[in-house]
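What follows is a single structure, written as structure tokens, with notes after it.
The values are calculated or read from the model by the stated rules, or taken from the named source; none is laboratory data. Keep in mind the model is a prediction, meaning the values are calculated, not measured. Every residue, glycine as well, gets a Cβ built from its backbone with ideal geometry; the counts of neighbours run over all protein chains shown. Note: areas computed on protein heavy atoms with side chains; ligands, DNA, RNA excluded. Shrake-Rupley method; radii C 1.70, N 1.55, O 1.52, S 1.80 Å.
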Amino acid sequence: MAAISLRNIVKKYGDGFPAVNDVSIEIADGEFVILVGPSGCGKSTLLRMIVGLEDITSGDMVIGDRKVNDLAPRERNLAMVFQNYALYPHLSVYENIAFPLRLAGASDEEVDEKVRNASRTLELDEHLERKPGNLSGGQRQRVAMGRAIVRDADAFLFDEPLSNLDAKLRGQMRTEISRLQKRLGITTVYVTHDQTEAMTLGDRVAVLKRGLLQQLATPRELYENP
Ligand code: ADP
Ligand code: ADP
């Protein structure tokens, strides 16, 4: 786990108006921060810069005690959970969760211990032999989170993970993500354009508009002073 500091982060594509314009946010170790705003406000760009999928034009990005500006994604030790989960359809739930450990060359014993711990936490123990195609949307989401958990990542990053789900499941998953985040105490940055999600999930909400950080406050503060 680690704190994340965004210091005067700027992203320019070509010579147009900056997609992200001098954004500074200090995210505490274990904190859950939501990035919210309308389409095009720069939230995905900001998230991709944290993960390292996009270069920053200027500013400093610090994760834990490391400046990561020039580090490749895999050197940042972060776990990104995508909208479409990116699960392997031909692999079992067990092997989907085990995947990053296999890549890292972990022993079968280590893989087994970590996969079983993660699947207990996520209540997936009953489903380890199934294929993703036979799971519900919520279960698939949990497999994606299991894969993130086994890596002992310093932080979770979510890019609109619930936008493909129906309203009922979305509500359930919000509750689950929130519970799981508290239980694991893992620093989390979560992008959404959904106001309800923003106001119910996180410890703090960062509101972006045209690349600028407009507000940074707790949901309660935003509710009382919109
Ligand atoms: P979303 O709003 O779901 O993030 P977009 O439709 O905005 O998706 O963008 C889809 C992809 O196209 C992204 O990878 C983004 O980087 C890229 N993109 C968005 N806007 C532009 C643009 N003006 N020029 C080139 N690529 C763009
Ligand atoms: P959001 O995630 O809030 O919808 P984005 O971060 O995707 O916003 O985009 C922010 C701005 O940057 C938009 O104006 C978008 O068109 C532009 N943009 C995003 N990706 C690219 C890209 N690869 N090339 C050029 N412009 C881009």
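Screening SER119 against (1) over 28 Å from SER44 (Cβ atoms); (2) open to solvent by 70 Å² or more (accessible area, probe 1.4 Å) leaves a single unmet condition, (2).
Residues that are more than 16 Å from ligand 2 (Cβ to nearest atom) and of a type in the set (S, T, N, Q) within region 11-27 comprise just one, SER24.
Annotation note: Cβ proximity below 9 Å between a residue of region 160-177 that is β-branched (Val, Ile, Thr) and a residue that is in a loop (DSSP other than H, G, I, E, B) and within 16 Å of ligand 1 (Cβ to nearest atom) (sequence gap 6+ or interchain) occurs for ILE177/PRO161; ILE177/LEU162.
The residue that is nearest to ligand 2 (Cβ to nearest atom), counting only those in region 148-178 that are open to solvent by less than 30 Å² (accessible area, probe 1.4 Å) and part of a loop (DSSP other than H, G, I, E, B), is GLU160. Applying the set (1) away from ligand 1 (no atom under 13 Å from the Cβ); (2) open to solvent by 10 Å² or more (accessible area, probe 1.4 Å); (3) in contact with a Ser or Thr (Cβ under 6 Å, 6 or more places away or on another chain) to ASP22 leaves exactly one unmet item: (3).
On the given criteria, is ARG7 assigned to a strand (DSSP E or B) and surrounded by fewer than 21 Cβ atoms within 10 Å (Cβ to Cβ)? Yes: the conditions hold for ARG7. Is it true that GLU110 is surrounded by 13 or more Cβ atoms within 10 Å (Cβ to Cβ) and either of a type outside the set (Gly, Ala, Ser) or in a helix (DSSP H, G or I) (or both)? Answer is yes for this residue. Restricting GLY40, GLY30 to those that are on the phi > 0 side of the Ramachandran plot, in a loop (DSSP other than H, G, I, E, B) and away from ligand 2 (no atom under 13 Å from the Cβ) reduces the list to GLY30.
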